[in-house]
Amino acid sequence: EFSAVGRSKFNSQFRRAMTRQITVEFEEYYEPFQTWFKVHAYPYSDGLSVYFRDVTGRKQAEAILTQRAAQLALINDIGSKIAAVLNLDSLLNRAARLMHETFNYHHVALFLLDQDRARLMAIAGSYQSFFPPNHTQLMSQGIIGWVASHGEKIVANDVSQEPRYIT
């Protein structure tokens, strides 16, 4: 019935239940169904009774909670450093570095709005490798301008394919 079980945790746990004649309980992702299952396997004299329950929703919620916990820990870390850092440039660069390290982002740059709220100015992070010194751009331009003006994120695995990307 389940050919993809092969050398998976399902197979090893089912064999363990049968060999030791013990009940096993585990959670595992089943790729062909793209589903997380909580599995109970009960051995008996003629074989093995197996009960599956789809726990994909819970697993997805756990992943979101883990990400949010990391975000809150980062905010807490940055917040605790604010009192100790008197230099704003150092603080902003540290914040960008912590975001980069915590979330394993490819690129983190922080921009500030000018007084007229018309231009963004690169001030911290890895922008130096992507933008010239003292880089500014209009709020109406590019991915960064769009994100800043709309307050929404954009995930782009290849920015050159993103219609709002400008060179």
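The values are calculated or read from the model by the stated rules, or taken from the named source; none is laboratory data. Note that this is a predicted model, so its numbers are computed, not measured. Glycine gets a Cβ as well: all are built from the backbone with ideal geometry, and neighbour counts include every protein chain shown. Keep in mind that these areas ignore ligands, DNA and RNA; they rest on the heavy atoms of the full protein, side chains included. Shrake-Rupley method; radii C 1.70, N 1.55, O 1.52, S 1.80 Å.
Residues in segment 120-167 that are touching an Asp or Glu at 6+ places or on another chain (Cβ under 9 Å), part of a helix (DSSP H, G or I) and of a type in the set (A, V, I, L, M): ILE143 only.
Quick one: which of LEU120, LEU65 is open to solvent by 60 Å² or more (accessible area, probe 1.4 Å) and either of a type outside the set (S, T, N, Q) or more than 21 Å from HIS135 (Cα to Cα) (or both)?
Values: LEU120 fails: open to solvent by 60 Å² or more (accessible area, probe 1.4 Å).
Of LEU120, LEU65, the one residue that is open to solvent by 60 Å² or more (accessible area, probe 1.4 Å) and either of a type outside the set (S, T, N, Q) or more than 21 Å from HIS135 (Cα to Cα) (or both) is LEU65.
Figure legend. Inter-residue proximity from segment 48-73: first residues in contact (Cβ under 8 Å) with a residue 12 or more places away in the chain, second residues open to solvent by 50 Å² or more (accessible area, probe 1.4 Å) and part of a helix (DSSP H, G or I), beta-carbon distance below 6 Å, spacing 6+ or different chains. Indicated pairs: LEU48/MET18; ALA70/THR102. For residues that are closer than 16 Å to TYR51 by Cβ and open to solvent by 100 Å² or more (accessible area, probe 1.4 Å), scanning just segment 1-32, find the one that is modelled with the lowest pLDDT. In this case the residue turns out to be GLU1. In a residue-by-residue description of segment 135-152, the property of being at pLDDT 85 or above, within 24 Å of ALA70 (Cα to Cα) and open to solvent by 80 Å² or more (accessible area, probe 1.4 Å) applies to at least one position. Only one of the numbered conditions (1) open to solvent by 90 Å² or more (accessible area, probe 1.4 Å); (2) closer than 25 Å to GLN71 by Cβ is not met by VAL108, and that is (1).
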